[in-house]
1. Consider segment 16-60. How many of its residues are small (Gly, Ala, Ser) and assigned to a loop (DSSP other than H, G, I, E, B)?
2. Could you say which residue among 120, 115 is crowded, with 16+ Cβ neighbours inside 10 Å, in a helix (DSSP H, G or I), of a type in the set (Val, Ile, Thr) and in contact with a strand residue (DSSP E or B) (Cβ under 7 Å, 6 or more places away or on another chain)?
3. Considering each of 73, 54 in turn, give the residue that is open to solvent by 10 Å² or more (accessible area, probe 1.4 Å), on the phi < 0 side of the Ramachandran plot and modelled with pLDDT under 95.
4. Return the only residue of 12, 23 being in contact with a His (Cβ under 8 Å, 6 or more places away or on another chain) and surrounded by 24 or more Cβ atoms within 10 Å (Cβ to Cβ).
5. Give the residues of segment 123-151 that are open to solvent by 20 Å² or more (accessible area, probe 1.4 Å) and touching a residue at least 60 places away in the same chain (Cβ under 8 Å), sorted by residue number.
6. Take the residues in segment 76-112 that are part of a helix (DSSP H, G or I) and in contact with a Lys or Arg (Cβ under 7 Å, 6 or more places away or on another chain); name whichever of them is most open to solvent (accessible area, probe 1.4 Å).
7. Restricting the search to segment 26-51, which residues are farther than 19 Å from residue 220 by Cβ and open to solvent by 20 Å² or more (accessible area, probe 1.4 Å)?
8. Hey, can you tell me all the residues within segment 232-248 that are in a loop (DSSP other than H, G, I, E, B) and either open to solvent by less than 80 Å² (accessible area, probe 1.4 Å) or closer than 18 Å to residue 215 by Cβ (or both)?
Amino acid sequence: MENNSYWRNKVAVVTGASVGIGATTAIELANAGMVVVGLARRVELIEALRDQVTGEGKIFARQCDLNDEEQLTSAFNWIREKFQAIHVLICNAGILKANFLSESPTKDIKELFDTNVVATASCLREALKHMAAVKVRGHIVVMNSVLGHRIPEVPVPLFSVYPATKHAITALCQTVRQEIHFLKLNIKLTSICPGMVDTDFLSVYSQAVAELPKLQARDVAKAVLYALNTPDGVQVEDIILQQMRKVD
């Protein structure tokens with residue numbers, strides 16, 4: 001955020017901040033001078049991120065299972081009490097289960113929707129209520145996927161309902177933007193839609209995607225910073241990014 005000092009010392013909440021894109025984004029935001037509150041079940045992994053902060057910001061950790069309504073609301077209440085304001089929300093938490101739908105247990109289907117859609121919607125609700133109450137200039141970033149826009153032809157389509165959850169997120173972002181506009185709130189909402197990213201998230205596909213081009217987590221974190229760095233009044237609604245194939 002070299003060109004925009006507005007977010008310095010402001011509070012950013014990052015869900016799923018323990019590993020992968022969430023962890024990298026938390027570090028980038030802290031290095032840009034923000035006060036970052038990371039939410040995840042493995043809180044010790046968030047605490048370990050502090051060693052990678054070289055900027056002016058700080059990272060705080062809060063243990064939270066976003067599928068537990070009481071833990072989720074308690075975490076947001078704690079943030080409001082301790083930091084007074086939430087300026088940025090990064091909805092990053094999500095899961096992926098590689099399987100055919102015909103072989104997917106109902107438990108897995110429910111877990112995908114509970115984590116990817118219901119928990120995201122609940123985080124949006126809590127942040128929006130707070131941002132509206134304290135009348136902050138805010139920015140919400142939702143970690144979506146290219147699968148929320150199109151589903152590519154692949155040799156073995158082990159997608160199950162994962163793309164359906166991401167299509168739901170695409171619709172959710174659009175409806176929440178309309179709600180923000182209707183309520184006359186000074187809040188931007190950006191949907192970040194990466195293709196494959198080289199993180200443990202893809203481990204469920206093992207060797208099936210080993211040779212395919214992949215983004216790095218830092219590429220996605222930089223897209224988050226780009227969206228935050230836009231001038232006041234300019235909203236980047238969707239960012240779709242993919243790793244290009246190497247040209248020999």
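The values are calculated or read from the model by the stated rules, or taken from the named source; none is laboratory data. All figures in this text were calculated on a predicted structure; none of them were measured in a lab. Here Cβ is always computed from backbone atoms with ideal geometry, including for glycine, and neighbour counts include all displayed protein chains. Areas reflect the complete protein model, heavy atoms only, side chains present, ligands, DNA and RNA absent. Shrake-Rupley method; radii C 1.70, N 1.55, O 1.52, S 1.80 Å.
1. Our first condition is that a residue be small (Gly, Ala, Ser); within segment 16-60, this holds for 16-18, 20, 22-23, 26, 30, 32-33, 38, 40, 48, 55, 57.
Then drop every residue that is not assigned to a loop (DSSP other than H, G, I, E, B), which leaves 16-18, 32-33, 55, 57.
Result for segment 16-60: 7.
2. Working: 115 fails: in contact with a strand residue (DSSP E or B) (Cβ under 7 Å, 6 or more places away or on another chain).
Only one candidate passes the filter, namely 120.
3. After applying the criteria, what remains is 54.
4. Answer to the selection: 12.
5. Listed by number, the residues that qualify are 137, 149.
6. Residue satisfying both the conditions and the ranking: 78.
7. Step one: list which residues in segment 26-51 are farther than 19 Å from residue 220 by Cβ, which gives 33, 35, 37, 41-44, 47-48, 50-51.
Residues satisfying the conditions are 35, 41, 42, 43, 44, 47, 48, 50, 51.
8. Hits for segment 232-248 are 233, 234, 235, 236, 242, 243, 244, 245, 246, 247.
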